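A quick write-up on the structure given underneath.
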Amino acid sequence: MSELVEKFSVDKAIEKYMESGQGPNWESFGFYDEPYDPGVILTGSTSLPDNTPEAAWIGIQHWCSALSEIRRAVGNATWEVQVEDHQVYWDDSKQAYDPAK
C-alpha cells in the first residue's frame, strides 16, 4: 500500500506550487484516524485544486485513479466515493472509478 501512497502523492507538486506558483494548488489526501461508522475501515478526504479552469478536473482524475488502484489492491469491500455531494461510480468493465459518468 505504501507504493500506492508514494505513486499518487502530490507532495512534490505542492512544494513546486509553493515555491513557484506553477501548477495546480494541490492538497494532500488525508486519512481520518477514526472511521465515522462501525465496519468502515478507511475514510479520508482532500480539497480539489482550484486555481485554474482545468485544475479541479485534473484533481478529480488523479484521485479517481488513486482510489481505483487502492480499491483493486484491497479486494472485496464496499466503497463510496464522492466529490462534494456527487457520487463517483465504479465502472466494472474498466475496474476503475469513472468521473465522467
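Translational diffusion coefficient of the stretch 58-101 at 37 °C, 0.692 mPa s, Stokes-Einstein with Kirkwood Rh over Cα pairs, in µm²/s as a whole number. Translational D for this selection: 309 µm²/s.
Each of H86 and T52 was given a label point 7 Å from its Cα along the Cα-to-Cβ line. The distance between the two points is 2.0 nm. The chymotrypsin sites (Phe, Trp or Tyr not before Pro) of the stretch 33-76 meeting both criteria, a DSSP state outside H, G, I, E and B (loop) and at most 14 other C-beta atoms within 10 angstrom of the site's C-beta, are Y36.
Taking the Cα centre of the chain as reference, the dipole from Cβ charges on Lys and Arg (+1) and Asp and Glu (-1) amounts to some 340 debye.
Listed by chain and number, the lysines placed with their C-alpha closer than 20 angstrom to that of K16 are K7; residues fewer than eight positions away on the same chain are left out.
For the stretch 1-98, the relative contact order comes to 20 percent (Cα pairs under 8 Å, sequence separation of at least 6). Dividing the alpha-carbon radius of gyration of the chain by the rule-of-thumb value 2.2 N^0.38 Å gives 1.12. Between D50, D85, D11, the Gaussian network model of the chain with springs among Cα atoms under 10 angstrom shows the greatest mean-square fluctuation at D85.
Which residue, A73, A13, A56, has the most motion in a Gaussian network model of the chain that connects Cα atoms within less than 10 Å? Evaluated over the chain, the most mobile residue of the options is A73.
Take every Cα pair under 8 Å whose residues are at least 6 apart in sequence, average their separation, divide by the length of the stretch 1-57, and the relative contact order is 27 percent. In this structure, the amide hydrogen of A96, modeled 1.01 Å from its nitrogen in the peptide plane, lies closer than 5 angstrom to those of D91, counting only residues at least 5 positions away or on a different chain.
The numbers here are math on the coordinates, done by the rules we state, and not lab data. In this text, all values refer to a predicted model and were calculated from it rather than measured experimentally. All Cβ positions, even for glycine, are placed from backbone atoms using ideal geometry, and neighbour counts span all protein chains on display.
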